[in-house]
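Q: My questions will all concern the structure given below.
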2 protein chains.
Amino acid sequence: MSLESLFNPKSIAVIGASTETGTVGNDVFKNLLTQGFKGKVYPINPKAELLLDQKCYPNITSLPIIPEMAVIVVPAKIVPFVLKECGQIGVKSAVVISAGFKEIGNLDLENDVKKIASENGITLLGVNCLGIMNVQNSMNATFAPKMPKAGNVSFISQSGALCSAVIDSANEFGLGFSKILSTGNKTSLDEIDILEYLDKDPETSVIMMYVESITSTNFLERARKLEKPIIVLKTGRSNEGQKAASSHTGALGGNDQIYEALFRQSGIIRAYTISDLFNYAQAFSRNNLPQGDKFAVLTNAGGPGGLTVDAVEISGLKMAQLSQKSIKELGSFLPVAANIHNPVDVLGDARSDRYAKSLEILLSDKAVDGVIVILTPQSVTQVVETAKVIANLKLIYDKPIIASFMGDVAVKAGKDFLFEHNVSQVNFPDQAAYCMSMLYFRKQFLDNRKKLANIADNVSEKTRKQIQKVIQKALLENQKLLQGNIADEILEAYGLPTLKKSVARNSEEALIEAKKIGGKLVLKIISPDIVHKSDAGGILLDVLPDKADSGFQTIIENVRLKAPEAKIDGVLIMEMAEVEDGFEIIIGSTNEGNLGKSLMIGFGGIFVEAIKDVTFSLGKLSIREAEMMIERLKSKALLYGVRGLPAMDIKALIQSLIRVSELVTDFPEISELDINPILILPDGKGCKVLDSRIILG
Amino acid sequence: MSLESLFNPKSIAVIGASTETGTVGNDVFKNLLTQGFKGKVYPINPKAELLLDQKCYPNITSLPIIPEMAVIVVPAKIVPFVLKECGQIGVKSAVVISAGFKEIGNLDLENDVKKIASENGITLLGVNCLGIMNVQNSMNATFAPKMPKAGNVSFISQSGALCSAVIDSANEFGLGFSKILSTGNKTSLDEIDILEYLDKDPETSVIMMYVESITSTNFLERARKLEKPIIVLKTGRSNEGQKAASSHTGALGGNDQIYEALFRQSGIIRAYTISDLFNYAQAFSRNNLPQGDKFAVLTNAGGPGGLTVDAVEISGLKMAQLSQKSIKELGSFLPVAANIHNPVDVLGDARSDRYAKSLEILLSDKAVDGVIVILTPQSVTQVVETAKVIANLKLIYDKPIIASFMGDVAVKAGKDFLFEHNVSQVNFPDQAAYCMSMLYFRKQFLDNRKKLANIADNVSEKTRKQIQKVIQKALLENQKLLQGNIADEILEAYGLPTLKKSVARNSEEALIEAKKIGGKLVLKIISPDIVHKSDAGGILLDVLPDKADSGFQTIIENVRLKAPEAKIDGVLIMEMAEVEDGFEIIIGSTNEGNLGKSLMIGFGGIFVEAIKDVTFSLGKLSIREAEMMIERLKSKALLYGVRGLPAMDIKALIQSLIRVSELVTDFPEISELDINPILILPDGKGCKVLDSRIILG
């Protein structure tokens, strides 16, 4: 599927171009004709002769040429017909603006459209969308009245209405756009197709995205490979939000924590507010990534400086410790009352020269990875001169610089100068710190990308086939819930440590098996007739191996006494888990449809109820990803050894996580898996699965 | 101290008025003379005859009248002299703009100024400040060049530089101002003095405040009584931020969690970003408080609607469940594709009539406590008409309404209309939800204020005197660390349950005392010669009362055998704490200087290290405040009974918290107190202090 014909068509037919002003069919044609698009544009309208002085054609087959793209604005039920006509003559791409499909329940109609596009090799955007703009070549194939300034940011939006607000606000945030498109119902083209195209587009440096759900398959694997920064805003953080988003496009909002994992693992920057979406995009579009996490703040006002330092630390970055040389140089020309340590306060009476010297010192200091420059408008402040100083130094130094000229009228000329000269500018300096933290997140991701994606196959093909048989057998027998021995067998095959156990039929066997297992043991009666084993005296705890024969006898005698009629199949001899030496951990997995299998890890026992300390990931895990799941647990300190407790065997837990991720991704048949708990023991002692269940479906 | 002469002086002398343009002394005089102030303004400058055509006077004593206020802009070292002159002739208030005091280490000079003001009854603002504006009477006694639009918001700022940025941005955020002042070094006047004045000022409805530290005493008690909403932005959330703020005014930033408690307990709204400060102030200045926490969202775009629903839920509010009547009415005129449930989506082609009908239905629905109205600019959108609809309905209904017209140029006329007609408008609709949550926080605070402030004296004067003696004796003996019996005595006197204990000198006494205590007991040898009691067989656990005599014998025999030379003073018989039945809780207190005594509660044991689950408060607690400290614990669910564990005795824990708060506030001599742990037991079984220490100082 080539998207070039969608973004750069040489000729366009507007099917449903209307002579009535104020209609979508009229707006789209007018926008294409009058806003500077260099290609040919043809109106298709069987009822009109002329539209804006252009000759109308009754249908696409009557055109003098074959247009590369069609924009379709006819009623929904006619769309399949006109799309088929497009296919017949060889139109390469189509934008279906028309609504009235899946979003109001017309699934069949939508599937028809999908099928026709696919059969005819048409690249289809929509249905039910605003259209597409290529600002760089003045193509406005939408019904939004105006295009924003041209620039290097592209925007993909699941909401058409949001596009118009974004376009209108772009200037205020200093953003220039390359491509803007609304995906609508994503009937054919979806996010990842478009992302991959834009990643190669030389006119795009940063991609902004608004989504309600991701419908692509293999999104994680494909998105992780992209080179350009992607900033996403997603609704559905709350349950109600999910409902609201889905009611308007017919999309199913997924669990937000799953999306959180998806974005983090694929190196996508997540914005939580519209204003963050703008600010982050602007920061990425005008800056290199920082080499490290240490930043300097340069200000002419202490208060905003302090707020920014707060934001630097809260966002996980650090304030740079300036070199002695820098401090000395700053001290050589700044007034006594100035702060020559980071944050550098050049004071309210600073003119642009103080900013110039100080900023150059900070940028040349090796301890500084980037600088936030704050300006408040005081009576002597040289707003535009200071903007020039920053723009000039930005040409020389590679480090990211984000300015915050605070205020409105008094600083407007300075803001405009910065915007025109490729310098980031945000309204409030605390936002600059959050932008820097996102640049650094991306830097870390790129540095770690190889490690993150380094997924090994730990399980042999033979093992896989063996487990495949076990699962197929269960499915054949319509057994969906796998527990006990069968769950243990599957987990063991994938290298997960379960409790050692054996069955003894007499006291001699008990002794032999017990010695094989070793350590403290649990003995349990095996009988189909005894429900409450404990009440029947059918369980013995803390049995040492050399007492297993007498233990066997005791259990048999107990049970014969309490339940003389019960059929006895033997005694289960099982390794005893030393719960008090470790921590109970839970591991779970669910099927997240097109997003793949999720994996969850958390603290078990009372921690689950009390603090819900869990983290998520998607797909088959690398070692680094498994490590990061554990590092993100709030109570992780418990595993590192606190208050005299020993450090736990984190390596073993990481292995277990990786193996579970391998198991659930190897078998699509596994719809749910719960290990609750897996016991993590002190370092060197490993983990033990105490209980588990697997649900097929 | 009357502040009227500071905010509304009839005449002003500018001491240090300068003829040189671009100086502070020139700016201040010019601002007072030329920006519409109706009172008399006199320049004081011994070296000039005329300034802006006004006669200059050599000093304040040579003026024809006694000015009500003096603005002082002379060098720091001359300030005491001119201030004394002011005092001599009866000037009522002074604004000292001059810098060069505490902030650069000149503490003595600052103290001189403070003393002179106090001795002469001068209300003193500053030193080292930007000055004061009363926008309502056009008095600009600052060196900031312009005043913002007049309105009902007042602003107190510890940073002068921030004032100028705020003034410049005000219009953009639709804010109008009444009084603006910068507190500088707070040499004499501090936050609470000014807050109390503004709370009574008929021209002020909302107070915005920027602080680096609160230096007032009794701030909590006094602020809690104020009627008007106060929104505060405070630096120093991070450690580095505290340093940054303090380096520029010489103020000592306190622990941010203590400030968090201070603001929450006094009903002050805390903003974490400058943009929140503006948005909250605007929301409060134009709305009544909501009666409940259920809100409706009205939008012409699904995406922004979903983002807003997310924000509603994340901020702790709820989406209103519309009445059947409302749903039916909405369904009667909205298109089929519209969402007639909350969030109500009137679709992209909505004109103002759909907004009008829908908004009226939502406002009249009893289930709705307030409405967020979102507008994105689509081709048919009637921006100004829709603004009018909102403004008109706001006149009729009391419920809060916050609009978010998204975009810039396309919606500007609508935004301006809203601003001019007293309707809240924020740039992004998620911000509207956060604003609503602050309105609701304030509503809850006012509803609960009586309860929150309902502090009882639980401890009798006799007990207080008894403990006073204990503490004085310890101080006399230079004993600063109180532990064991003496700490127990103090805590017991204040009604905190410590472990029951008694000393027996023979086995008969042991039996009698053990029966008095009851339950399982610990027996411990008392001997100055035995350090490791356990090694010497000097401790017995789990002793039942009727075995206490034989237990006594056993201990004595054990010790005689292992340490025949040891002097034996008897055997301690102590109630045994059943740790496994409950949870270990920690309670602590520190001295936070002018803010009073802090109180901390948290989970003990491994929870402390693992998740630092603690909450803070200040001062003597009411029952409601103590309850809220526990409700804010992340792991509070553990106390309510989870996973088959019983519910814990929360009432007893609340009593303990209240008693500790009473103890530490009764005795300023207590600089630190730690109860680690106090055991909370199942409901009805109370709490037990297991270990504690008190530090005097």
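Bear in mind that the values in this text are calculations on the coordinates, not laboratory data. Owing to the predicted nature of the structure, the values given are computational and were not obtained by experimental measurement. No Cβ is skipped: glycine too gets one built from the backbone with ideal geometry, and neighbour counts run over all protein chains shown.
Q: Could you pull the copy-to-copy label distances for A:G39, with points set 7 Å along Cα to Cβ, in nm to one decimal and sorted shortest first?
A: Result, one decimal in nm: 7.1.
Q: With label points built 7 Å along Cα→Cβ from the Cα atoms of B:F333 and A:A337, find their separation and express it in nm.
A: It is 6.1 nm.
Q: Give me the distance in nm between label points sitting 7 Å out from Cα along the Cα-to-Cβ direction at B:K533 and B:L499, one decimal.
A: So the two model labels end up 0.7 nm from each other.
Q: Give me the three principal axis extents of region B:1-77 from the C-alpha atoms, as integers in angstrom, largest value leading.
A: Answer, in whole Å and largest first: 33, 27, 25 Å.
Q: Stretched out fully, how many nm does the piece from A:E196 to A:S2 gain, at 0.36 nm a residue minus the Cα gap?
A: 68.8 nm
Q: Right, another one. Given label points at 7 Å from Cα along Cα→Cβ, what nm distances, shortest first, separate A:A367 from the same residue in every other copy?
A: The answer, with the shortest distance listed first, is 6.0 nm.
Q: Which is the longest run of chain A containing none of the GluC sites (Glu not before Pro) found in DSSP loop states (not H, G, I, E, B) with at most 10 other C-beta atoms within 10 Å?
A: Within chain A, the longest run free of exposed GluC sites (Glu not before Pro) spans A:228-476.
Q: I've got another one for you. Mind checking region A:38-75 for trypsin sites (Lys or Arg not before Pro) that DSSP puts in a loop (not H, G, I, E or B) and that have at most 12 other Cβ atoms within 10 Å?
A: Those that pass, being in a loop and sparsely packed, are A:K38, A:K47.
Q: What are the extents of the Cα atoms of region B:128-178 along their three principal axes, in Å, largest first?
A: Its Cα atoms span 29, 21, 18 Å along the three principal axes.
Q: Show me, bin by bin at 10 Å from 0, the whole-percent P(r) of region B:500-576 based on Cα pairs.
A: 23, 57, 19, 0
Q: When the helix-only estimate is applied to chain B (DSSP H runs of n ≥ 4, each -39,500 (n - 2.57), divided by the residue count), what is the mean residue ellipticity at 222 nm, nearest 500 deg cm²/dmol?
A: Only helices count here, giving -11500 deg cm²/dmol.
Q: Would you mind getting me the FRET efficiency between B:A456 and B:K10? Use the beta-carbon distance for r and R0 = 35 Å, nearest 0.05.
A: 0.15
Q: In region B:581-696, what is the count of Lys pairs whose alpha carbons are under 22 Å apart, counting only pairs at least 8 residues apart or on separate chains?
A: Lysine pair count for region B:581-696: 13.
Q: Let me ask you something else. For region A:43-182, what are Rg and Dmax over the alpha carbons, in angstrom?
A: 16.0, 45
Q: Taking 37 °C and 0.692 mPa s as the conditions, I'd like the Stokes-Einstein D for region B:148-286 in µm²/s, using the Kirkwood hydrodynamic radius from alpha carbon pairs.
A: The Stokes-Einstein estimate is 220 µm²/s.
Q: Report the FRET efficiency, 1/(1 + (r/R0)^6), for A:D546 and B:E489, where r is their Cβ-Cβ distance and R0 is 60 Å, rounded to 0.05.
A: E between A:D546 and B:E489, to the nearest 0.05, is 0.60.
Q: Relative to the compact-globule scaling 2.2 N^0.38 Å, provide the ratio for the alpha-carbon radius of gyration of region A:365-447.
A: Cα Rg divided by the expected 2.2 N^0.38 Å: 1.12.
Q: Find the relative contact order for chain B and round it to a whole percent, using C-alpha pairs within less than 8 Å whose residues are 6+ positions apart.
A: Taking the mean separation of contacting Cα pairs over the length of chain B, I get 8 percent.
Q: What are the distances, in nm and sorted shortest first, from the label point of A:L395 to the label points of the same position in each other copy, with each label point placed 7 Å from Cα along the Cα-to-Cβ direction?
A: Taking the point 7 Å beyond Cα along Cα→Cβ, the inter-copy spacings are 5.7 nm.
Q: Quick one: Debye curve from the C-alpha atoms of the protein assembly as shown, no solvent, what's log10 I(q)/I(0) at q = 0.04, 0.08 Å⁻¹?
A: -0.32, -1.16
Q: Past the 14 angstrom mark, what percentage of all C-alpha to C-alpha distances in region A:421-464 do you count?
A: Of all Cα-Cα distances in region A:421-464, 69 percent exceed 14 Å.
Q: Please list, in order, the residues from region A:474-503 whose amide nitrogen is less than 16 Å from a point placed 7 Å along the Cα→Cβ vector of A:S671.
A: In region A:474-503, the label zone of A:S671 (backbone N under 16 Å from the point 7 Å along Cα→Cβ) covers A:474-483.
Q: Related question: Once you place label points 7 Å from the Cα toward the Cβ at A:N392 and B:R224, how far apart are they in nm?
A: 5.8
Q: Provide, in order from the shortest bin, the percent of all Cα-Cα pairs of region A:529-620 in each 5 Å bin, continuing until the bin that contains the maximum pair distance.
A: Distribution as computed: 3, 10, 15, 11, 10, 10, 11, 11, 10, 6, 2, 0 percent.
Q: Hey, could you get me the Stokes-Einstein D for region A:540-585, Kirkwood radius over alpha-carbon pairs, 25 °C and 0.890 mPa s, rounded to whole µm² s⁻¹?
A: The diffusion coefficient I find is 195 µm²/s.
Q: Which residue of chain A is nearest the rotation axis onto chain B, counting by its Cβ, and what is the distance in whole Å?
A: Rotation axis A onto B, closest Cβ, rounded to whole Å: A:I611, 3.
Q: To continue, here is another question. Number of Lys-Lys pairs in region B:349-450 under 19 Å by Cα, sequence gap 8 or more or different chains?
A: 12
Q: Express the Stokes-Einstein translational diffusion coefficient of region B:581-696 in µm² s⁻¹, to the nearest whole number, given a Kirkwood radius over alpha-carbon pairs, 4 °C and a viscosity of 1.567 mPa s.
A: After rounding, the answer is 92 µm²/s.
Q: How large is the convex hull of the C-alpha atoms of chain B per residue, in Å³?
A: Residue-normalised Cα hull volume stands at 194 Å³.
Q: Counting alpha carbon pairs within less than 8 Å and at least 6 residues apart, what relative contact order, in whole percent, applies to region B:27-154?
A: Relative contact order for region B:27-154 comes out at 27 percent.
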